[in-house]
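Q: Once you've had a glance at the structure underneath, I'll fire off some questions.
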Amino acid sequence: MKIALGQINTTVGDFPGNVAKMLQFAERAAQGGAQLVIFPELSLCGYPPRDLVEKPSFIERNQRELESLARQVNGIDLICGFVSKAQSEEGKACANSAALLSGGQIRFVQTKMLLPNYDVFDEMRYFAPAAEQQVLPLCGKQWGVTICEDIWNDKTFWKKRLYSRDPVEELTHKGANVLLNISGSPYVIGKRRFRAEMLRAFALRYRIPVIFVNQVGGNDSLVFDGSSAVYGPDGEIRAQAASFEEDLIFFDTSTCEGDIHPQVKGPDQAAFRALVLGTRDYVRKCGFERVLVGLSGGIDSALTACIAVEALGKENVQGVGMPGPFSSVGSVEDSRQLAANIGIRFQIVPISAIFESYLAALREPFAGLPCDVTEENIQARIRGNILMAMSNKLCSLVLSTGNKSELAMGYCTMYGDMAGGLAVISDIPKTMVYRLAEFVNREREIIPRAIIEKPPSAELRPDQKDTDTLPPYEILDVILKAYIEDFETPQQIVEKHGFPIELVRRITRTVDCNEYKRQQAAPGLKVTSKAFGIGRRFPIAQRYRE
């Protein structure tokens with residue numbers, strides 16, 4: 001039996017667009033000789049739909065669109081994900097399900113059993129779990145149909161399991177000799193390799209083919225890498241779709257052979273591709289065509305601009321330089337050179353006169369008080385106002401340029417440099433920003449060396465350097481990862497890395513105290529195991545300290 005894996009990029013709530021895409025891929029699959037085409041988790045409505053599933057009209061729309069899709073598919077069977085009505089009168093009103101469409105009818109439905117409720121996942125909030133798993137007889141094989149989390153609970157792979165039941169084990173005990181998993185598995189650094197090891201372990205344990213169909217694309221803060229694959233009973237990859245792009249691959253269940261497409265190599269290249277894909281889809285799916293980037297002459301805004309050009313094309317990116325009283329000539333010229341290198345329009349809007357008018361207006365309220373961070377923040381907020389004004393006038397989305405290290409420490413200004421519609425690199429630590437800049441420059445100098453080599457500075461007061469306020473990023477990022485992503489205490493961090501305890505405590509206290517800023521930040525693209533966003537839910541008003 002020849003099957004096709006349809007790795008598609010869906011948009012949440014775009015039923016016409018998602019259906020049209022599945023029909024297009026199904027036609028291509030049929031022309032390629034496939035008898036069955038398989039699409040990812042919730043591909044009908046887009047994943048994750050979040051609170052849309054609490055609307056009865058949304059659940060009913062899923063059913064109508066599924067029936068319509070079944071009638072439109074010609075010459076091939078199709079498996080896709082959708083939101084179904086729950087079978088029980090008690091509990092949640094809907095379920096996360098997979099359907100087999102054949103001969104104009106819905107022939108088989110399997111509901112997801114394991115509902116993740118950690119990090120960015122909140123499916124117990126929305127869905128009723130399956131009570132049992134049923135084997136699907138199809139073309140002489142017994143298919144075990146699972147949905148995403150259903151395969152993340154193997155007792156031989158995990159030291160500690162999250163669930164008491166194992167859908168895969170139950171299906172194989174019922175005679176399944178092909179394992180199918182349709183998935184919406186988001187990308188994080190290192191996950192592609194880990195997920196591949198897990199799928200390989202399944203194939204080896206049960207000695208059956210394992211078919212994994214993952215969605216690709218960005219939906220809000222989440223980026224999905226695709227990387228759909230088929231593993232043979234020997235654990236070897238027998239078919240592989242590309243990462244970070246739509247793809248259609250074929251696999252023959254008789255010969256256990258299929259298409260193997262080139263893969264993205266290395267964590268830095270993968271992270272860059274994820275940021276490009278996430279930026280492109282966020283901008284496009286929110287209805288924008290163009291973006292604005294405030295170019296300060298620093299490495300963060302330079303990297304953000306390069307990502308934007310890769311995602312949207314140079315004609316859709318505009319750089320804005322906003323020199324102030326403490327901006328260096330080099331920073332303006334470096335920004336101008338970057339803009340020329342990447343081919344974007346660059347416009348200068350000076351802020352010194354505006355800043356002076358602010359100081360004049362505030363002279364009486366501030367009388368007798370020394371200059372401090374207040375005046376620094378005024379400059380940042382002027383720049384934020386200018387960018388948002390241009391956003392309104394030019395119908396362009398502002399990309400904020402702060403990195404994860406700054407956001408963690410509150411080294412950013414609310415309504416200033418935090419202004420924008422998407423925080424592109426807000427999950428990228430500063431040390432990784434430098435690595436990605438070198439990746440951008442791998443073939444030729446795009447980001448000027450002066451930008452990469454200059455000491456980081458906000459340039460909001462004379463001779464200012466980031467190290468006036470923060471420890472060196474090589475130290476800071478180690479502590480932040482341990483505290484934010486690994487949940488280590490200050491004492492554990494000291495014991496592991498040997499940093500002074502007072503330094504570690506100062507940093508962790510600062511992280512805790514700036515929660516209020518992060519919860520007002522623009523959505524950011526998630527690429528690490530714990531991003532500042534929907535997967536991290538700390539209270540603002542709290543007094544717990546490590």
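The values are calculated or read from the model by the stated rules, or taken from the named source; none is laboratory data. Keep in mind that what you see is a predicted model, and the values were worked out from it rather than measured. Cβ atoms come from the backbone with ideal geometry, glycine included; neighbour counts cover every protein chain shown.
Q: Can you give me the ranges of the strands (runs of 3 or more DSSP E) entirely in the range 187-306 with at least 1 residues that are within 30 Å of Ser327 (Cα to Cα) and modelled with pLDDT of 95 or more?
A: Where strands (runs of 3 or more DSSP E) fall fully within the range 187-306 and carry at least 1 residues being within 30 Å of Ser327 (Cα to Cα) and modelled with pLDDT of 95 or more, they are 290-294.
Q: Looking at (1) at negative phi; (2) in a loop (DSSP other than H, G, I, E, B), which one does Gly384 not meet, given that it meets all the others?
A: Failing condition for Gly384: (2).
Q: I'd like the full set of residues that are in a helix (DSSP H, G or I) and of a type in the set (A, V, I, L, M, F, W, C), limited to the range 307-322.
A: Once the filter is applied, which keeps residues that are in a helix (DSSP H, G or I) and of a type in the set (A, V, I, L, M, F, W, C), the range 307-322 yields Ile307, Ala308, Val309, Ala311, Leu312.
Q: Just checking, does the range 323-343 include any residue being in contact with a Ser or Thr (Cβ under 8 Å, 6 or more places away or on another chain) and in a helix (DSSP H, G or I)?
A: yes
So that you can scan it fast, the table gives a plain yes or no per residue for (1) within 26 Å of the chain's Cα centre (by Cα); (2) at pLDDT 95 or above:
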site	(1), (2)
Ala458	no, no
Pro471	no, no
Leu476	yes, yes
Ala482	yes, yes
His497	no, yes
Thr508	yes, yes
Ala521	yes, yes
Val527	yes, yes
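Q: A follow-up question, please. Only residues in the range 147-161 that are in a loop (DSSP other than H, G, I, E, B) count as the first member; pair them with residues that are among the small types (Gly, Ala, Ser) and surrounded by fewer than 24 Cβ atoms within 10 Å (Cβ to Cβ), Cβ under 8 angstrom, at least 6 apart or cross-chain, and list the lot.
A: Sorted first by the residue in the range 147-161, then by its partner, the pairs are Asp154/Ala201; Thr156/Ala201; Phe157/Ala201.
Q: Only one of these is of a type in the set (Ser, Thr, Tyr) and touching a strand residue (DSSP E or B) at 6+ places or on another chain (Cβ under 7 Å): Ser357, Ser335, Ser352, Ser405. Name it.
A: Unique residue meeting the criteria: Ser335.
Q: Further, regarding this structure: Being in contact with a His (Cβ under 9 Å, 6 or more places away or on another chain) and in contact (Cβ under 8 Å) with a residue 60 or more places away in the chain narrows it down to one of Ile211, Ile189, Ile249, so name that one.
A: Numbers: Ile211 fails: in contact with a His (Cβ under 9 Å, 6 or more places away or on another chain); Ile189 fails: in contact with a His (Cβ under 9 Å, 6 or more places away or on another chain).
So the residue among Ile211, Ile189, Ile249 that is in contact with a His (Cβ under 9 Å, 6 or more places away or on another chain) and in contact (Cβ under 8 Å) with a residue 60 or more places away in the chain is Ile249.
Q: Then there's this: Would you check which residues across the range 103-130 are surrounded by 17 or more Cβ atoms within 10 Å (Cβ to Cβ) and among the polar types (S, T, N, Q) and list them?
A: Those that are surrounded by 17 or more Cβ atoms within 10 Å (Cβ to Cβ) and among the polar types (S, T, N, Q): Gln110, Thr111.
Q: Quickly run through the range 529-546 and pick out the residues that are touching a Pro at 6+ places or on another chain (Cβ under 8 Å) and either among the acidic types (Asp, Glu) or under 15 Å from Tyr483 (Cα atoms) (or both).
A: Glu546
Q: Here is a check on your reading of the model: is Lys526 part of a helix (DSSP H, G or I), under 25 Å from Gly190 (Cβ atoms) and either out of contact with any helix residue (DSSP H, G or I) (no Cβ under 8 Å at 6 or more places or on another chain) or among the basic types (Lys, Arg) (or both)? It would help to see each step written out before you state the result.
A: Details: part of a helix (DSSP H, G or I): no; under 25 Å from Gly190 (Cβ atoms): yes; either out of contact with any helix residue (DSSP H, G or I) (no Cβ under 8 Å at 6 or more places or on another chain) or among the basic types (Lys, Arg) (or both): yes.
It is false that Lys526 is part of a helix (DSSP H, G or I), under 25 Å from Gly190 (Cβ atoms) and either out of contact with any helix residue (DSSP H, G or I) (no Cβ under 8 Å at 6 or more places or on another chain) or among the basic types (Lys, Arg) (or both).
Q: Could you check how many residues of the range 344-370 are in contact (Cβ under 8 Å) with a residue 24 or more places away in the chain and part of a loop (DSSP other than H, G, I, E, B)?
A: 4
Residue-wise test of (1) surrounded by 21 or more Cβ atoms within 10 Å (Cβ to Cβ); (2) over 30 Å from the mean Cα position of the chain (by Cα).
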{"residue": "Ile307", "(1), (2)": "yes, no"}
{"residue": "Glu315", "(1), (2)": "no, no"}
{"residue": "Gly319", "(1), (2)": "yes, no"}
{"residue": "Ser331", "(1), (2)": "yes, yes"}
{"residue": "Ile344", "(1), (2)": "yes, no"}
{"residue": "Gln347", "(1), (2)": "no, yes"}
{"residue": "Glu356", "(1), (2)": "no, yes"}
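Q: Which numbered condition in (1) hydrophobic (A, V, I, L, M, F, W, C); (2) buried (at least 20 other Cβ atoms within 10 Å of the Cβ); (3) in the same structural domain as Val320 (by TED's automatic domain parsing); (4) assigned to a helix (DSSP H, G or I) is the only one that Cys412 fails?
A: (4)
Q: Inspect all residues belonging to the range 233-243 and state whether any of them is of a type in the set (Lys, Arg), in contact (Cβ under 8 Å) with a residue 24 or more places away in the chain and over 23 Å from Lys21 (Cα atoms).
A: yes
Q: While we're here: How many of the residues in the range 486-517 are outside any helix (DSSP H, G or I), exposed (fewer than 15 other Cβ atoms within 10 Å of the Cβ) and free of Cβ contacts under 8 Å to residues at least 12 places away in the same chain? Break it down stepwise before answering.
A: Just the residues of the range 486-517 that are outside any helix (DSSP H, G or I), to begin with: 486-489, 498-500, 514.
Add one more test, that the residue is exposed (fewer than 15 other Cβ atoms within 10 Å of the Cβ), and what stays is 486-487, 489, 498, 500.
Add one more test, that the residue is free of Cβ contacts under 8 Å to residues at least 12 places away in the same chain, and what stays is 486-487, 498, 500.
Here the count works out to 4.
Q: Looking at this structure, is Ala367 in the same structural domain as Pro448 (by TED's automatic domain parsing), touching a strand residue (DSSP E or B) at 6+ places or on another chain (Cβ under 9 Å) and exposed (fewer than 13 other Cβ atoms within 10 Å of the Cβ)?
A: Answer is no for this residue.
Q: Among the candidates Leu312, Leu292, which residue alone is touching a residue at least 40 places away in the same chain (Cβ under 8 Å), in contact with a helix residue (DSSP H, G or I) (Cβ under 9 Å, 6 or more places away or on another chain) and on the phi < 0 side of the Ramachandran plot?
A: Leu292
Residue-by-condition table, conditions (1) in the same structural domain as Asn177 (by TED's automatic domain parsing); (2) at pLDDT below 95; (3) surrounded by 24 or more Cβ atoms within 10 Å (Cβ to Cβ); (4) charged (D, E, K, R):
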site: Gly6; (1), (2), (3), (4): yes, no, yes, no
site: Asp14; (1), (2), (3), (4): yes, no, no, yes
site: Phe39; (1), (2), (3), (4): yes, no, yes, no
site: Ile59; (1), (2), (3), (4): yes, no, no, no
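Q: Quick one: count up the residues across the range 528-537 that are closer than 17 Å to Ser405 by Cβ and out of contact with any strand residue (DSSP E or B) (no Cβ under 7 Å at 6 or more places or on another chain).
A: 4
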